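Structure first, commentary second.
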Amino acid sequence: MTDDTVPLLKTRFDALSQHIPDENIEFWFARDLMEPLGYSRWENFQAVVERAIDSCKSTGYNETDHFRGVTKMVRVGSGAERPVDDFMLTRYACYLAAQNGDPRKPPIAFAQSYFAVQTRRQELIEERMRLQARLDARDRLRESEKTLSRNIYERGVDDAGFGRIRAKGDAALFGGNATQVMKERYGIVQSRPLADFLPTLTIAAKNLATEITNHNVMQDNLRGEHDITHEHVQNNQSVRNMLGQRGIKPEQLPAAEDIKKLERRVKSDEKRLEKQSGKLPKPNSEK
C-alpha cells in the first residue's frame, strides 16, 4: 500500500458513512463498501457479510443490533428502478466484515484498522495498521511452522528434531546467535517463543525462510533431520544476506512489544468497539 493510498481510502470511507436521524448511530451500506473493499460481485461480498454475521453470533452479541437486511431501489440502465438486497452495517459490523474479507486485498487491511478505531485521525489508523501487520505476520509464521512440523514428521523427524532444525535456522538468521542467546538479549523467559517479541520485519524474514524450506522439502522430497536442517539453514542464511544488502542485521533490531499483550489489547478494543458502535433501531414492524 503506497503512502497516498491511506488518505485516499480514508476520505472515501468517511464519505460513505451514514447517520440515523435523531440518533447518534453511524452506519454504512454494504453495497457502498463492496467496491472500495475490492469486490466486484455482490454475491462474493454478501458471503463476506454472512461470515461477519456468524462471527458476531459466535461472540455472543445480537447480530440484529449491528446488521440489518434492507431493500433498496436502484436505477438501472433504462432509467427504471428495481429493488436490490443490501445491509445496514454499524461500525462494529463493518469491522467484522473486514476481518472476514480477503486479506490479500490491500483495502481490506486498511478497513480492518479504519473501522477498529473510534476516531478519524489518520495517524491512529496507521498505528493500528502497523499493529495489525505484526499480528498478521505472527499468524503466518505460526502456520508455516505448523506446516513444516507436519511435513518433516512425515519424513522421519520428530518434535525434538523440529526444535533443533528451527534453532539452527535461527542461528543462521541471527548471525550465529542461537535462539537462547537472542532470548537473553531481549529478556524473554524460557517458556515464551522468541518470535512473540520480534519486530514485524524479523517475523516476516523467519516466515520467508520457513516457507522456502516447506517448498523445497516437498519439491525435492527431502528426508531426515540432516538434509532438512541443511536446507533450512541455507534458506535462513539467504534471507539474512538479502537483509544485509539493505544494511539490516536481524540480531541488532530492538525487541517489540509482547505479541500476547497486543492480542489482548485487540480483544479489549473489539469489546469496546461493539459497545461504542451503538445498536441499529428496530424496524418499524418490530417496535
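Values as computed for the structure displayed
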| item | result |
| --- | --- |
| Reported label for calculated Rg and Dmax of the Cα atoms in Å given [x] 18.8, 63; [y] 27.8, 88; [z] 23.3, 71 | [z] |
| Residue of Thr90, Thr210, Thr59 that the Gaussian network model of the chain assigns the largest fluctuation, springs spanning Cα pairs under 10 Å | Thr59 |
| Computed E for Arg12/Lys57 - FRET, C-beta separation, R0 25 angstrom, nearest 0.05 | 0.25 |
| In sequence order, calculated HN-Hα J values of the range 91-104 (Karplus, 6.51, -1.76, 1.60; Hz; x Gly/Pro) | 4, 5, 5, 5, 4, 5, 4, 5, 5, 9, x, 6, x, 6 |
| Arg272 paired with Glu43, simple spin-label distance in nm, labels 7 Å along Cα-to-beta-carbon | 4.2 nm |
| Distant-in-sequence amide H partners of Val70 (H built 1.01 Å from N, under 5 Å) | Asp86, Phe87, Met88 |
| Above-threshold pairs, the threshold being 21 Å between Cα atoms, out of Lys183/Lys206; Lys72/Lys271; Lys105/Lys261; Lys146/Lys206; Lys57/Lys279 | Lys72/Lys271; Lys105/Lys261 |
| Packing-based ranking, highest mean first, of 189-196, 28-35 given that Cβ atoms within 10 Å are counted | 28-35, 189-196 |
| Percent of Cα-Cα distances greater than 22 Å, calculated over the range 202-273 | 45 percent |
| Qualifying aspartates and glutamates (Cα of each under 19 Å from Cα of Lys267; at least 8 residues distant if same chain) | Asp54, Glu63, Glu126, Glu127, Asp136, Asp139, Asp196, Glu257, Asp258 |
| Calculated [θ] (222 nm, deg cm²/dmol) that DSSP helices of n ≥ 4 give over the chain, each run adding -39,500 (n - 2.57) | -19000 deg cm²/dmol |
| Per-residue ³J(HN,Hα) for the range 159-168, Karplus 6.51 cos²θ - 1.76 cosθ + 1.60, θ = phi - 60°, Hz, x for Gly and Pro | 4, 5, x, 4, x, 5, 4, 5, 5, 5 |
| The range 4-47 and the range 167-232: distance between their alpha carbon centers, rounded to Å | 41 Å |
| Net length gained if the chain between Asp227 and Arg192 were fully extended (0.36 nm per residue, minus Cα distance) | 9.8 nm |
| Pairwise label distance in nanometres, Leu201 with Leu253, each label 7 Å out on the Cα-Cβ vector | 0.6 nm |
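A short reminder: the numbers here are calculations on the coordinates, not readings from a lab. Bear in mind that the values here come from a model prediction, so they are computed numbers and not experimental data. Cβ: placed from backbone, ideal geometry, glycine included. Neighbour counts: every protein chain shown.
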